[in-house]
Amino acid sequence: AAAKTRRDRVLAGLELAAVERAEGNLDASVQRLEQVIRDAREGGMLREAAIGLGNLGLAQTLGGRHPLAADALRAGAAQAQKGGYKVVEVDLRCELGLVLVNQGLAAEAEAEHRAAGALLGGMDYPQGVARQAELGGRIAALKGDTAKATTSLSRAVQYHEGLGHWMDAARVATALAAALQPTDTAQADRKSTRLNSSHQIISYAVFCLKKK
């Protein structure tokens, strides 16, 4: 059935884009998300626009277009901040930090890690704590601090397991294993590890939209 209202249309667009992305039809997903974002903005739906931008960033990440992914995630985080949607902002800042890690931009990733931490200080959001710990571990691994990477990623695994998020725990455990490998092998594994994790984060972003 056709969506009856703008909100229905936006929510349906987010769902369809997630399906297209899961099927590997990234170009179609990107095009749909761009329309969803325009529609949400025109309707004053700041939260939905922010989530659309976040999902656009994730689709661009899966397509290997990291600069475009970072641009979309930055815009989404700014939109979430403007609307006061802290859960969405934490998610997008953590995801942006991971994209920046993939680009080798440790200082910029650390800025997003700090921003997410500042938000989490006044929140009860265990999933965000887990994701920030993952980002911290990935930054440490990028900088060659294996001990810190091990501590942060192990903590992230424990957080996810405590929440019953077994697939997230397995994803972070894979990143932990990569961090403990010799540098050349870890470099080769970094991209595949991140691409695998994106599917789970995409699903969670849409789930947030339904629940909040």
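On a straight-distance basis, which aspartates and glutamates could pair with LYS148 in a cross-link, Cα separation under 16 angstrom, same-chain partners fewer than 8 positions away excluded?
Candidates past the 8-residue exclusion: GLU110, GLU134.
Once you place label points 7 Å from the Cα toward the Cβ at ALA28 and SER154, how far apart are they in nm?
Going from the ALA28 label point to the SER154 one covers 4.5 nm.
Going toward the positive end of the dipole of the stretch 69-191, with +1 on Lys and Arg Cβ and -1 on Asp and Glu Cβ, which of GLY121, GLY162, ALA179 do you reach last?
Result: GLY121, furthest along the dipole toward the positive end.
Leaving out ligands and nucleic acids, note down the accessible area per residue over the stretch 1-98 with a 1.4 angstrom probe, in whole Å².
Value for the stretch 1-98: 43 Å² per residue.
Once Rh for the stretch 1-133 is found with the Kirkwood sum over Cα pairs, what is the Stokes-Einstein diffusion coefficient at 20 °C and 1.002 mPa s, in µm²/s?
For these conditions, the coefficient is 144 µm²/s.
May I ask you to compute the full-extension gain from ASP8 to ALA147, defined as 0.36 nm times their residue separation minus their alpha-carbon distance, rounded to one decimal in nm?
Roughly 45.3 nm would be gained on extension.
The values are calculated or read from the model by the stated rules, or taken from the named source; none is laboratory data. Quantities reported herein were computed from a predicted structural model and do not represent experimental measurements. Note that we place each Cβ from the backbone using ideal geometry, even for glycine, and neighbour counts take in every protein chain shown. Keep in mind that these areas ignore ligands, DNA and RNA; they rest on the heavy atoms of the full protein, side chains included. Shrake-Rupley method; radii C 1.70, N 1.55, O 1.52, S 1.80 Å.
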